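Report on the following structure.
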Amino acid sequence: MSFAELGLSEAIVRAVTENGYTQPTPIQAQAIPAVLKGGDLLAGAQTGTGKTAGFTLPMLERLLSGQRAAPRQVRALVLTPTRELAAQVEESVRTYGKYVKLSSAVIFGGVNINPQIQRLERGVDILVATPGRLLDLLQQGAVDLKKVEILVLDEADRMLDMGFIRDIKRILVLLPPQRQNLLFSATFSDEIKALADGLLNNPAMIEVARRNSTIEIVSQKIYGVDRDQKHKLLTHLITERNWFQVLVFTRTKHGANKLAEQLNKADISAMAIHGNKSQAARTRALAEFKSSKLQVLVATDIAARGIDIDQLPHVVNYDLPNVPEDYVHRIGRTGRAGATGEAVSLVCVDEHGLLRDIERFIKREITREVVAGFEPDPNAKAQPIQLRSQEHRQRSGPRTNNRSGAQPNGDKRGGSSGAGGRQQAGKPARSGSGQSTQAAAPQRSQTQRTGLSSSTNSGRPALGGQAAANANQQRRRSGQR
C-alpha cells in the first residue's frame, strides 16, 4: 500500500516521498484512514513505529479545508510530555506540510516566552506544546483554544507518569466540546483507559504491537558485576569491542554526570543529558551523538524518552530501572528500522530483585554472562537501592503547588532566558526531558466528552492553618531534594 492509497493529497505525498518514505508502517496504515474519517482514535504504539507521521499526515490533510487560524487562535493542538519531543513533532509537521499553506509553531519551557507570545499573535494552524508552558501562555491571554478542531495527546502514558494529569484537565476544559481527539500511548494502563473513557467518543482502537512487548530483534544480555566495578566494566566493553553510539541509562542525574566524567577520563567522549541540563546543552549533546561525533550519551529515563536514531546499535543499562516498563522503553531505542541492536545490562547484587521483576514482565529469562576480570564477588551483600532521582519522584511524592518551581517538562513557569520560538524547533533527536517535582497519581476521568474536571484538588481533605503551612513546606522540601 502507498501513502496515496491512504487518502492523502498529492502535495502531502510529495513531501513524504521526498523524505525517502514510500510505504506506510503498520501504525500509519491503520491510523491515517481512521483519522481522515474524522472520528476519535485510541492508538497503542511504542516509539520507533512511525506514530508521529501517523497523526501529523492526516491532521495536515484534514486542515487543508477550512479557514486559516485567526490571531491568537489554534486549529490543531498537539500536547507532548517533553521539550525535545515537541520540537521533533513540529519538525515533522513542517517537513510533511512543506507544500501546503498551513502554519505551525512549537512552544515549551526553558526558553524565553516572549518570542512565543509574538508568534502566537498571528494565529497558528498547528500548535505543538508542552502543558506547562501552554498554561502560562493561556494565563497571559496569548493563545485562544476555543477554535481547536483536533486535539492530539502524544505519549499519553509518559505524560501521566510525569504528573501532567492536572495540567491536561485544565487545558481540556478550555477546548470546544466538538472536536476530534487522538490519543497515542505506548501502553494501555488503567490510567490511560480512564483518561480515554473521559476524553474519547466511540474511538477507533489500534494497537500495532503486543502489549508491553520487547523488540524481538534486540539481543539482550546481562553482565554480573560488583557495583564499584561497573564503570570499569563499561569502559572495557566500549574500548575492547570498539562500540560507538552507545546510549547508557543511569538511575539518577548525579549518576549520569559522574559516569560521563569517568568515561571522559578514560578517553571515551561522553556527555550526560538530564533535567538539570540547559536546553542548549541537551540539544548540542543530542546533535553530536546523532552525528557520531560523540561516542557515548549518558541519560536518565525521562531525558532519553523518544531518542530517534534509526541505526542506534548499543543500549546499556548501567543501572536497572525501578519500573519494568522502563526497561522496555530503554531497549526500544535500538533495533529500529529493520536493524539489529544490542541491549546490555550491568547488574550488581543490589539489583537482583529488579532483574526478576523485569524478566517476569517480559516473560523471558535474559542471558547471563561474566566478563573475565570482572567476576562479581559471590559474598557481596545487597544494599538498598537509592530512591529515584528528583525527575522520577512523580510516582511517589505529592505535586508541589509552587508556581516558580520546576515543571516535569523542564518549564520554569514565568519564562526564562534563552532563545525561544521556532529557533528551537530545528531537528533535534527526539528525547525525553525535564525534572519533575510532583507526583500526583492520575485520577479516574469523568465521562463528559468536553474534557475532564478542571479541579486541581487531588482528593485529599483540605488543610487549614498551621497544618496547611507545614504540608506546603514539606512538599517544597520534597521537590527540592
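Observations
- Positions within the stretch 270-300 being β-branched (V, I, T), surrounded by 22 or more Cβ atoms within 10 Å (Cβ to Cβ) and within 18 Å of the chain's Cα centre (by Cα), in sequence order: I273, V298, T300
- Within the stretch 340-355, the set of residues being within 26 Å of the chain's Cα centre (by Cα) and not hydrophobic (A, V, I, L, M, F, W, C) comprises T340, G341, E342, S345, E351.
- If you go through the stretch 62-93 and pick out every residue that is among the acidic types (D, E) and over 30 Å from R333 (Cα atoms), you end up with 0.
- In the stretch 224-244, the condition of being open to solvent by less than 20 Å² (accessible area, probe 1.4 Å), in contact with a strand residue (DSSP E or B) (Cβ under 8 Å, 6 or more places away or on another chain) and either under 30 Å from V111 (Cβ atoms) or hydroxyl-bearing (S, T, Y) (or both) is met by no residue.
- Residue match in the stretch 125-140 (condition: of a type outside the set (G, A, S), modelled with pLDDT of 95 or more and within 20 Å of A11 (Cα to Cα)): yes
- For the stretch 71-84, the count of residues that are hydrophobic (A, V, I, L, M, F, W, C) and without any contact (Cβ under 8 Å) to a residue 60 or more places away in the chain is zero.
- Segments classed as helices (runs of 4 or more DSSP H), wholly inside the stretch 1-89, with at least 2 members that are open to solvent by 40 Å² or more (accessible area, probe 1.4 Å) and over 21 Å from V208 (Cβ atoms): 10-18
- Per-region count, the stretch 167-190, residues touching a Ser or Thr at 6+ places or on another chain (Cβ under 7 Å) and within 14 Å of L42 (Cβ to Cβ): 1
- Pairing each residue of the stretch 230-250 that is touching a residue at least 40 places away in the same chain (Cβ under 8 Å) and on the phi > 0 side of the Ramachandran plot with any residue that is open to solvent by less than 10 Å² (accessible area, probe 1.4 Å) and in a loop (DSSP other than H, G, I, E, B), provided the two are 6+ apart or on different chains, yields C-beta distances under 6 Å for Q245/L312.
The values are calculated or read from the model by the stated rules, or taken from the named source; none is laboratory data. Keep in mind the model is a prediction, meaning the values are calculated, not measured. Reconstructed Cβ throughout: ideal geometry from the backbone, glycine too, with neighbour counts over all protein chains shown. Quick note on the areas: whole protein, heavy atoms, side chains included, nothing else; ligands and nucleic acids left out. Shrake-Rupley method; radii C 1.70, N 1.55, O 1.52, S 1.80 Å.
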